[in-house]
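Step one of this worksheet: look at the structure below.
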Amino acid sequence: MKLTIPEIEIMSSGHVACQGCGATLAFRYALKALGRETIVVIPACCWSIIDGPFPYSAAGVPLFHTAFETAGSTASGVRAALDIKGIDNVSVLAWAGDGGTMDIGIQALSGAVERGEDIIYVCYDNEAYMNTGIQRSSSTPYGAWTTTTPAKNFKTGPKKNMVEIMVAHKIPYTATANIAFPEDFIAKLKKAKSIKGPKFIQIISPCPAGWKFSSQLTIKLAKLSFEACVFPLYEVENSRYTVKKPNKKTDVREYLNLQGRFKHLNSDAMGLIQKNIDEEWGLLLKKERTSDEKCAETDAKA
Amino acid sequence: MKKVITGNHAVSFGAKLARVEVIAAYPITPQTEVVEKLSEIVSDGELAAKFIKVESEHSAMAACIGASVTGARAFTATSSQGLALMHEMLHWATGARVPIVMANINRTLGPPWNIWSEQTDSLSQRDTGWLQFYCENNQEILDTVIQAFKICEKVSLPGMICLDAFYHSHTSEVVDLPEQKSIDKFLPKYDPKYKLDINEPHTFGGLTSPEWYYELRYKIQSSMEDALGVISETGKEYAAITGRRYGLIDEYKTEDADEILITAGAMSQTAKEAVDLMREKNKKVGLLRIRTFRPFPKNEVRKIIKRAKSAGVIDRDISFGSEGIFFQEVKSALYRESARPPIYGFIAGLGGRDVTIDEIIKIAESMPKMARNNEFTWVGAKI
């Protein structure tokens, strides 16, 4: 089988990520997909550190570190400057964690996509504030331990559905991705690059320190998140859903049991998680079907 | 070309003449007219700029930073709560060394809601590393926007032009608009040495340990100090093309003055009237107007005040628990002098309360009779 992952390595060694960091792989793949003609904006997140301390940088492309809640707005400014200078061959990539995207950064992101800014926004999702020491974010899933949701009082609300929030903005392209499926991620980024306007991709990036698993399991866990339909892989292109289905949907317990952050859960709680996943998965497949019908209708009318 | 325009439109035309390339702004009273006019100018194709209509002032400043660090000349305008919301990004602009220019229409901070003039909003930002200019009239506002770009781009720091809500923002005066050709010569295209550029990739603003952070702060301070000279030089250059010269301070009949009043902003025009009326009665009163607040022109202030019998600083601002902010700065500038006149502080005109000629005359007349240790006085307060 021929691999389609580009050989080019733009990100260099010497970064300071933890061993087994999913977000580091995600960035490496993102640059392979987008190439050197990319300007990156990074708000406060793990990548503020991973890139390396002054005067070093592992990024290999122009990069601006900005304040926590400003990935969307700073990227808008970069794009405007490129536009006024007539530079049209450069992708502007906003690269933010889940806190900087779904919590503190949601206003700037919503503003940017509503304005139709021609940027690619990637949220590398590790489901908590990992850079500050594992505090819960609105992306933290039900049941998870974090330092601010101790085992006795774990998070009982669901993970915020950021993809649906982006879809509701009617942007041309929204997708999820997974570091265990780099070819899929790269293909999605390349597609995003070819589309004018705001693009949003959320990539699941397991965090050994925050999820409490041994660092050699990063890819295995990422894969399980897909197979158990915890983090489905899908695209929404102009309101049309395309969902990638696992060959066999696995039990979520396999995914949960590999992580220390869920070890306090009893079988009832795990059962509830499975039930919620099944419902969400069913809903997603339904959306795919109905969006397909709707889009077919629209296409026929056109 | 002479035009009768408001202070707000003087800002807009200043930005146009400076050929700003990216504008990012959010509406706030009384700034709205600045960006409305610029929207018109851009959409009429009279200015080749991108206008980003952001969802907050915080994002306005972030977008300006993004644009400026990519090498574009960036501009915004705000006021009051909007400026307060930008606070974090003001520090960020300074640390990133980007020469963004912003107009701030001085307005109160709530609660209670009040939209009138007060300088506490911008003075609260005095430690963010922004150059700050306080203007007296609409002509100076336009001229300062243009000069600020040149000054800020030379010292790689952002700059704020302050004008007073409604006194300036919504009041029309005759303003002379310089020829675009002469401004283009005065202010060439912005082309920074370091910018986000795929042909020469750099990382900006990354994690910096105690080993280097300290030196980077030192560089900001030394650029601020350099700005003192740059402002004066730029003022001279600008005078050569327009005949209007501005510096760090503005002196009005101070040479032989016994009492010197110190003001900033629109109130200075009223104070000049008061000085004229007192001079007619042979009272030796003069006015020192602080035009550049950051960097603070310590030497100039010291030189003028030390020869007076007393000085009175009228603040349209208050640092709660301390005193008027200009009062603090002026006193601090004089500390080094072994023989210094008493300096009195007056709080006046907060929340847009009118500061009249009569009140200013009363202030000046009260100064020779004041106890040397008088802290500060609330002028005309119903207390």
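Starting from residues that are in contact (Cβ under 8 Å) with a residue 60 or more places away in the chain and of a type in the set (Phe, Trp, Tyr), keep the ones in region B:160-201 and report whichever is farthest from the other protein chains (Cβ to nearest Cβ).
Filtering region B:160-201 for residues that are in contact (Cβ under 8 Å) with a residue 60 or more places away in the chain and of a type in the set (Phe, Trp, Tyr), the one farthest from the other protein chains (Cβ to nearest Cβ) comes out as B:167.
Kindly indicate whether residue A:88 is without any contact (Cβ under 8 Å) to a residue 12 or more places away in the chain and more than 10 Å from chain B (Cβ to nearest Cβ).
In short, yes.
Mind counting the residues in region B:40-77 that are open to solvent by 10 Å² or more (accessible area, probe 1.4 Å), under 21 Å from residue A:43 (Cβ atoms) and free of Cβ contacts under 8 Å to residues at least 12 places away in the same chain?
0
State yes or no: is residue B:107 surrounded by 24 or more Cβ atoms within 10 Å (Cβ to Cβ), more than 14 Å from chain A (Cβ to nearest Cβ) and among the basic types (Lys, Arg)?
Criteria met by residue B:107.
Each row is one residue, and each column tells you yes or no for (1) among the acidic types (Asp, Glu); (2) buried (at least 21 other Cβ atoms within 10 Å of the Cβ); (3) in contact with a Cys (Cβ under 6 Å, 6 or more places away or on another chain).
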site: A:189; (1), (2), (3): no, yes, no
site: A:204; (1), (2), (3): no, yes, no
site: A:223; (1), (2), (3): no, no, no
site: A:230; (1), (2), (3): no, yes, no
site: A:233; (1), (2), (3): no, yes, no
site: A:240; (1), (2), (3): no, no, yes
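Residue A:117 - would you say it is within 14 Å of chain B (Cβ to nearest Cβ), acidic (Asp, Glu) and either closer than 19 Å to residue B:55 by Cβ or open to solvent by less than 40 Å² (accessible area, probe 1.4 Å) (or both)?
Against the criterion (within 14 Å of chain B (Cβ to nearest Cβ), acidic (Asp, Glu) and either closer than 19 Å to residue B:55 by Cβ or open to solvent by less than 40 Å² (accessible area, probe 1.4 Å) (or both)), residue A:117 qualifies.
How about region A:22-39: which of its residues are assigned to a loop (DSSP other than H, G, I, E, B) and open to solvent by 40 Å² or more (accessible area, probe 1.4 Å)?
A:36, A:37 - these are the residues of region A:22-39 that are assigned to a loop (DSSP other than H, G, I, E, B) and open to solvent by 40 Å² or more (accessible area, probe 1.4 Å).
Would you mind finding the one in B:286, B:324, B:312 that is farther than 15 Å from residue B:365 by Cβ and of a type in the set (Gly, Ala, Ser)?
It is B:324.
So is residue B:80 of a type outside the set (A, V, I, L, M), facing chain A (nearest Cβ under 10 Å), open to solvent by less than 10 Å² (accessible area, probe 1.4 Å) and closer than 13 Å to residue B:28 by Cβ or not? Full working, then the answer.
On the way: of a type outside the set (A, V, I, L, M): yes; facing chain A (nearest Cβ under 10 Å): no; open to solvent by less than 10 Å² (accessible area, probe 1.4 Å): yes; closer than 13 Å to residue B:28 by Cβ: yes.
The answer is no for residue B:80.
Would you please list the contacts, defined by Cβ atoms under 7 Å and residues six or more apart or on different chains, that run from a residue in region B:270-293 that is among the acidic types (Asp, Glu) to a residue that is in a helix (DSSP H, G or I)?
Final answer for the pair search is B:273/B:357.
Per-residue answers, yes or no, for (1) out of contact with any Lys or Arg (no Cβ under 9 Å at 6 or more places or on another chain); (2) of a type outside the set (S, T, N, Q); (3) assigned to a loop (DSSP other than H, G, I, E, B):
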position	(1), (2), (3)
B:144	no, no, no
B:167	yes, yes, yes
B:200	yes, yes, yes
B:208	yes, no, yes
B:217	yes, yes, no
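Quick check on my filter: what residues within region A:222-232 are under 15 Å from the mean Cα position of the chain (by Cα), assigned to a helix (DSSP H, G or I) and without any contact (Cβ under 8 Å) to a residue 60 or more places away in the chain?
A:223, A:225, A:226
Run down B:128, B:94 and say which single residue is touching a helix residue (DSSP H, G or I) at 6+ places or on another chain (Cβ under 9 Å) and within 21 Å of residue B:265 (Cα to Cα).
Step by step, each of B:128, B:94 is checked, and only B:128 is touching a helix residue (DSSP H, G or I) at 6+ places or on another chain (Cβ under 9 Å) and within 21 Å of residue B:265 (Cα to Cα).
Just to verify a result, which residue in region B:83-96, among those that are more than 7 Å from chain A (Cβ to nearest Cβ) and open to solvent by less than 10 Å² (accessible area, probe 1.4 Å), is farthest from residue B:195 (Cα to Cα)?
To start, the set of residues in region B:83-96 that are more than 7 Å from chain A (Cβ to nearest Cβ) comprises B:83-87, B:90-91, B:93-96.
Right, trim to open to solvent by less than 10 Å² (accessible area, probe 1.4 Å) and you get B:83, B:86, B:90, B:93-94.
Working: B:83: 26, B:86: 23, B:90: 19, B:93: 14, B:94: 15 Å.
Top of the filtered list is B:83.
Is there any pair linking a residue in region B:202-224 that is more than 9 Å from chain A (Cβ to nearest Cβ) to one that is part of a helix (DSSP H, G or I) and modelled with pLDDT of 95 or more, with Cβ under 8 Å and at least six apart or on different chains, and which?
Partner pairs satisfying both residue conditions: B:220/B:94; B:220/B:95; B:223/B:155; B:224/B:155.
List the number of the failed condition for residue A:4; all other conditions in (1) open to solvent by less than 50 Å² (accessible area, probe 1.4 Å); (2) not in a helix (DSSP H, G or I) hold.
Unmet condition: (1).
Can you list residue pairs whose Cβ atoms sit under 6 Å apart, with the first residue in region A:45-60 being touching a residue at least 24 places away in the same chain (Cβ under 8 Å) and at the interface with chain B (Cβ under 8 Å from one of its Cβ atoms) and the second being among the polar types (S, T, N, Q) and surrounded by fewer than 21 Cβ atoms within 10 Å (Cβ to Cβ)? Count only pairs 6 or more apart in sequence or on different chains.
Cβ pairs passing all conditions: A:53/B:209; A:60/A:12.
Could you please let me know if residue A:83 is acidic (Asp, Glu) and more than 8 Å from chain B (Cβ to nearest Cβ)?
So residue A:83 does not fit the description; no.
Considering region A:145-168 alone, what residues qualify as being under 21 Å from residue A:276 (Cα atoms), open to solvent by 70 Å² or more (accessible area, probe 1.4 Å) and under 20 Å from the mean Cα position of the chain (by Cα)?
A:158
Out of region A:20-41, which residues are touching a helix residue (DSSP H, G or I) at 6+ places or on another chain (Cβ under 8 Å) and facing another protein chain (nearest Cβ under 9 Å)?
Across region A:20-41, the qualifying residues are A:38, A:39, A:41.
Going by what's in this entry, would residue B:118 be described as farther than 25 Å from residue A:88 by Cβ, in a loop (DSSP other than H, G, I, E, B) and modelled with pLDDT of 95 or more? Can you show your working first?
Details: farther than 25 Å from residue A:88 by Cβ: yes; in a loop (DSSP other than H, G, I, E, B): yes; modelled with pLDDT of 95 or more: yes.
Yes: the conditions hold for residue B:118.
What residue, among those in region B:357-383 that are surrounded by 15 or more Cβ atoms within 10 Å (Cβ to Cβ) and of a type in the set (A, V, I, L, M), is nearest to residue B:278 (Cα to Cα)?
Selected residue: B:361.
Filter region B:367-382 down to residues that are closer than 25 Å to residue B:266 by Cβ and either outside any helix (DSSP H, G or I) or without any contact (Cβ under 8 Å) to a residue 24 or more places away in the chain (or both), then give me how many there are. Explain how you work it out, then say what you get.
The initial filter retains those residues of region B:367-382 that are closer than 25 Å to residue B:266 by Cβ, namely B:367, B:376-382.
Those still in the list that are either outside any helix (DSSP H, G or I) or without any contact (Cβ under 8 Å) to a residue 24 or more places away in the chain (or both) too: B:376-382.
Result for region B:367-382: 7.
Just to be sure before I move on: is residue B:137 open to solvent by 10 Å² or more (accessible area, probe 1.4 Å) and touching a residue at least 60 places away in the same chain (Cβ under 8 Å) in the structure I sent?
Yes: the conditions hold for residue B:137.
Could you check how many residues of region A:97-112 are touching a helix residue (DSSP H, G or I) at 6+ places or on another chain (Cβ under 7 Å) and more than 13 Å from residue B:62 (Cβ to Cβ)?
Restricting attention to region A:97-112, the residues satisfying the condition of being touching a helix residue (DSSP H, G or I) at 6+ places or on another chain (Cβ under 7 Å) are A:97, A:100-102, A:105, A:108-109, A:111-112.
Right, trim to more than 13 Å from residue B:62 (Cβ to Cβ) and you get A:97, A:101-102.
Of the residues in that region, 3 qualify.
Counting only residues that are within 14 Å of chain A (Cβ to nearest Cβ), give me the strands (runs of 3 or more DSSP E) lying completely in region B:1-75 with at least 3 of them. Lay out the reasoning, then the answer.
On the way: elements: B:2-6, B:22-25, B:50-53.
Qualifying strands (runs of 3 or more DSSP E): B:22-25, B:50-53.
Collect the residues in region A:127-136 that are in a loop (DSSP other than H, G, I, E, B) and either hydroxyl-bearing (Ser, Thr, Tyr) or open to solvent by less than 10 Å² (accessible area, probe 1.4 Å) (or both), keeping them in residue-number order.
A:127, A:128, A:132
The values are calculated or read from the model by the stated rules, or taken from the named source; none is laboratory data. Please read all numbers here as calculations on a predicted model, not as lab measurements. A quick note on method: Cβ atoms are made from the backbone with ideal geometry, for glycine too, and the neighbour counts reach across all protein chains shown. Protein only, heavy atoms only, side chains kept; ligands, DNA and RNA dropped before computing areas. Shrake-Rupley method; radii C 1.70, N 1.55, O 1.52, S 1.80 Å.
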